[in-house]
Amino acid sequence: MSHFLLDGTEVPFTEGDTLMDAAQRAGHAIAHLCWDARLGSGGACRLCTVRIGGQLAAACTTRARDGQVVENRTPALDALRLRLTQMLFVEGNHFCPGCEKSGDCLLQATAYDLGMVDMHYDMQAPSRPVDASHPDLWLDLNRCILCELCVRASHEADGKDVFAIGGHGTGTHLLVNAPTGLLGDSALSAGDLAARICPVGALLPKRRGFVVPIGQRRFDPPESGDDHP
């Protein structure tokens, strides 16, 4: 089997793998928000930017090659990721303590991992609608980070094309494919992959808020006796 070096560690891969595919399969973490093993490559968030031979590349779209030397967790790359993460926070409304995705949110976990302690940029505090028209799901565009996972899942896995991205610049936003533009009038079902793939708290099921106790959520730190708060 072929290998590439990721921060000095050999990572095996098979023909056609991206750097992200192979690294995740081998248990190595590369920061990401728009990648999911069940979908094709996205390249939307750029958090997975790595350095190969002095050049920057997205790990989720770059094919692995035998003998590649890939830098991932360097101070310079982590600084870049930190700024991207801070921009995502200030471009939306992410109040983690009041969000039921807290502890299971990939954006929040990334911020913790990068040591984010402030926003760095001025908050934009946009006013975006919350769509509660669906009987089983609700959509809060204040938390949407435009990762396109729901767009791709609806197209690639569900075959429904419920979501799309519209607008440009700061006006870029998620669109719902329905005559009214409302989730309740779309073809989305609670069992669809698109309904379950959101890495943040933008698309969530109704009547299931805060069902997982603190300490048991996916990104909660392990308990360490009585020293934890």
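The values are calculated or read from the model by the stated rules, or taken from the named source; none is laboratory data. Predicted model, so just to flag it, every value in this text is computed and none were measured. Here Cβ is always computed from backbone atoms with ideal geometry, including for glycine, and neighbour counts include all displayed protein chains. Each accessible area value is taken on the protein alone, full model and side chains, heavy atoms only, with ligands, DNA and RNA left out. Shrake-Rupley method; radii C 1.70, N 1.55, O 1.52, S 1.80 Å.
Net length available on complete extension from R25 to T172 is 49.6 nm, with 0.36 nm assigned per residue and the Cα-Cα distance removed.
Under the simplified labelling scheme, the T180-D118 pair shows an inter-label distance of 4.5 nm, with each label point 7 Å from Cα along Cα→Cβ.
Starting from the alpha-carbon convex hull of the chain, give the projected area averaged over all orientations, in nm².
14.5
FRET efficiency for the pair A79 and I165, taken as 1/(1 + (r/R0)^6) with r the Cβ-Cβ distance and R0 = 25 Å, rounds to 0.35. Among M116, M1, M123, the order of accessible area from largest down is M1, M123, M116, computed with a 1.4 Å probe on protein heavy atoms. Lacking any other cysteine beta-carbon closer than 4.7 Å, the following Cys residues of the chain have no compatible partner: C48, C60, C96, C99, C105, C144, C150, C198.
For the peptides 8-15, 147-154, the ranking by mean Cβ contacts within 10 Å, running from highest to lowest, is 147-154, 8-15.
For the range 83-144, a/c is not less than 1.5, where a ≥ b ≥ c are the root eigenvalues of the C-alpha gyration tensor, and a/b does not top b/c. That puts it in the oblate class.
Quick one: what do you get for the range 119-229 if you divide its Cα Rg by 2.2 N^0.38 Å? Spell out each step's value before the answer.
Details: Rg = 16.5 Å, N = 111, 2.2 N^0.38 = 13.2 Å.
For the range 119-229, the normalised Cα radius of gyration is 1.25.
Restricting things to alpha carbons, find the Rg to Rh ratio for the range 63-189 using the Kirkwood radius for Rh. With Rh from the inverse mean 1/r over Cα pairs, Rg/Rh is 1.02. Toward the positive end of the charge dipole of the chain, about the Cα centre and with charges on Cβ (Lys, Arg +1; Asp, Glu -1), which of L175, C34, P135 goes farthest? Of L175, C34, P135, it is L175.
In this entry, the range 4-74 is assigned a mean projected area of 4.2 nm², taken as a quarter of its C-alpha convex hull surface. Largest to smallest in accessible area, the residues T61, T18, T170 fall in the order T170, T61, T18 (1.4 Å probe, all protein chains included). Segment E156..R218, full-extension length gain: 19.7 nm, with 0.36 nm per residue of separation and the alpha-carbon distance subtracted.
Taking 0.36 nm per residue of separation and subtracting the current Cα-Cα distance, fully stretching the chain between V69 and V211 would add 46.8 nm.
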